[in-house]
Amino acid sequence: MLIINCPICGPRPEIEFRYGGEAHVARPAGTETLDDQTVADRLYMRTNPKGLHFERWRHAHGCGKYFNAVRDTVSDFFVTTYKAGEPKPDVAALLKDQAR
Amino acid sequence: MQKYSAFELFKRALGGHQGWERQWRQPALKPAYDAVIIGAGGHGLATAYYLAKEHGVRNVAVIERGWLGGGNTGRNTTIIRSNYLFDESAALYDHALKIWDTLSQDINYNVMYSARGVMMLAHTVHDVQSAKRHIHANRLNGVDNEWLTPEQAKEFCPPLNISQNIRYPIMGAALQRRGGTARHDAVAWGYARAADALGVDIIQNCEVTGIRRDASGAVEAVETTKGVVRTKKVGVVAAGHTSVVMAMAGLRMPLESYPLQALVSEPVKPAFPCVVMSNTIHAYISQSDKGELVIGAGTDAYTSYSQRGALHITEHTLDAICELFPMFRRMRMLRNWGGIVDVTPDRSPILSKTAVPGLYVNCGWGTGGFKATPGSGHVFAHTIARDEPHPINAPFTLDRFRDGYLIDEAAAAAVAH
């Protein structure tokens, strides 16, 4: 079981959380003029990377809040978690810090 | 190819079983092929076999990063059924089921297909309604499926606990008698041997590192760790790694890769006559011919390529198994493992041409691809050879996500997910 660091509540076991899929998938502006492919890209197309993944989690059985995380999908290691609405962190710098 | 038969077995026994040929060659990668299949799992090998057998395309390579049948083909719980709700799905999965019937004879390899019946349990009023809707829809499509009362379900599967005093009492079950199991490894080995005999090169331990496209955008070559292969046609059948391979050609896919776990118990004498699935409490179980109980869980919550999942998922499944079949409460589990399943938003597969000329993709089988192996290979070979889909896989395009023609088995809840 994963231990996930909720940015509000701190480290908690995985069963307290709900997975929320890929993060930073922004809804494109001007909905009424969008073509089908743009809508499909947002709704269905996913990066699904083998490596670092920006993703959403919700602390369902805790504070109830959504937040974002960066996780390596090969090792399931969490590089960092950060509050919803904050910009993407500089992952390269973080990894260098953790290696040190 | 050395034909397998009872007579051959007898003859070789007299020679101390020394005269058996290797089942397939270990060929070197040639510089060019008419078609390249990426991924030597059941679906990829079946595709190569039908390309060679039915379409005369024999100059084919099947390229595999690990060893053949080592991914989800060797990791699934071997359940075969075709009781899907929608017309498109029923046609696709029943096409496969019909091929299973004669597959062992066709490829001269005993895949141990056993139509022992697949029983799907209903625990709630909603389950009952959904199961009956599936039964009616299946019957309209010529797919056998019937409703059993709890007593009839117990008669069909005596270990079943139909007591009203459990957390989710059984209110009935849908039974597909033609459903069952097959030996997963034998399917990969059988197709590999049959395809190899027709001239297909199976290249193992060879990772694809890039897909080259010419000035017009069409596929021209595949880069691998064993060199560059020129080819006009590439079929990607890479299951959980499909997104990774398709990204090499610059395509994004409507896929997410999740861990899916399964486990087996210690082997015991034959005790369990059929396959039982419960979507509501997330458990499915059958007994292999070796005697192990083969048990499958639901997917883990998050995407991952780790081929392992969390223990609480299997624990949840075993809770359900123990309640449904109290006689297994003291069984010990021998092994558990995970596979990486590529899940589409509508839980239906993609067997399709792509925006890149010469690039074809067979993916998105999610948690239930094994059952479709022969049918999937058969229609995908047609798609590659003719550059147009077979009528059966025509609805399973990549474009359906853009055009809104989803085949929404996810909402139909025909699969455990």
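Details
- Qualifying positions in segment B:143-198 - among the charged types (D, E, K, R) and farther than 22 Å from residue B:290 by Cβ: B:144, B:146, B:151, B:154, B:155, B:167, B:177, B:178, B:196
- Residues that are in contact with a strand residue (DSSP E or B) (Cβ under 9 Å, 6 or more places away or on another chain) and not in a loop (DSSP other than H, G, I, E, B) were ranked within segment A:4-15; the one that is nearest to the other protein chains (Cβ to nearest Cβ) is A:14.
- Just one of (1) without any contact (Cβ under 8 Å) to a residue 60 or more places away in the chain; (2) more than 21 Å from residue B:240 (Cα to Cα) fails for residue A:71. It is (2).
- Every test in (1) on the phi > 0 side of the Ramachandran plot; (2) under 24 Å from the mean Cα position of the chain (by Cα) is passed by residue B:250 save one, and that test is (2).
- Every residue from segment A:64-81 that is of a type in the set (D, E, K, R) and within 13 Å of chain B (Cβ to nearest Cβ): A:71, A:72, A:76
- If the condition is being touching a residue at least 40 places away in the same chain (Cβ under 8 Å) and surrounded by fewer than 23 Cβ atoms within 10 Å (Cβ to Cβ), then segment B:321-337 contributes B:323, B:325, B:326, B:327, B:328, B:331, B:332, B:333, B:334, B:335, B:336, B:337.
- Filter pass, residue B:43 being at pLDDT 95 or above, within 26 Å of the chain's Cα centre (by Cα), in a helix (DSSP H, G or I) and under 22 Å from residue B:197 (Cα atoms): yes
- Here segment A:16-63 is the region considered, the condition is being touching a helix residue (DSSP H, G or I) at 6+ places or on another chain (Cβ under 6 Å) and at the interface with chain B (Cβ under 7 Å from one of its Cβ atoms), and the residue that is nearest to residue B:355 (Cα to Cα) is A:37.
- Evaluation of residue B:74 against (1) in contact with a Leu (Cβ under 8 Å, 6 or more places away or on another chain); (2) under 29 Å from residue B:285 (Cα atoms) (one fails), failing number: (1)
- All strands (runs of 3 or more DSSP E) inside segment B:325-417 with 1 or more residues being among the hydroxyl-bearing types (Ser, Thr, Tyr): B:350-353, B:359-363
- Residue that is modelled with the lowest pLDDT [pool: residues in segment A:19-41 that are in a loop (DSSP other than H, G, I, E, B) and on the phi > 0 side of the Ramachandran plot]: A:30
Results for (1) touching a strand residue (DSSP E or B) at 6+ places or on another chain (Cβ under 7 Å); (2) farther than 28 Å from residue B:179 by Cβ, shown as yes or no for each residue.
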residue: B:4; (1), (2): no, no
residue: B:13; (1), (2): no, yes
residue: B:18; (1), (2): no, yes
residue: B:54; (1), (2): no, no
residue: B:58; (1), (2): no, yes
residue: B:72; (1), (2): yes, no
residue: B:89; (1), (2): no, no
residue: B:92; (1), (2): no, no
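The values are calculated or read from the model by the stated rules, or taken from the named source; none is laboratory data. All figures in this text were calculated on a predicted structure; none of them were measured in a lab. Don't worry about glycine lacking a Cβ; one is built from the backbone with ideal geometry, like all the others, and counts go over all protein chains shown.
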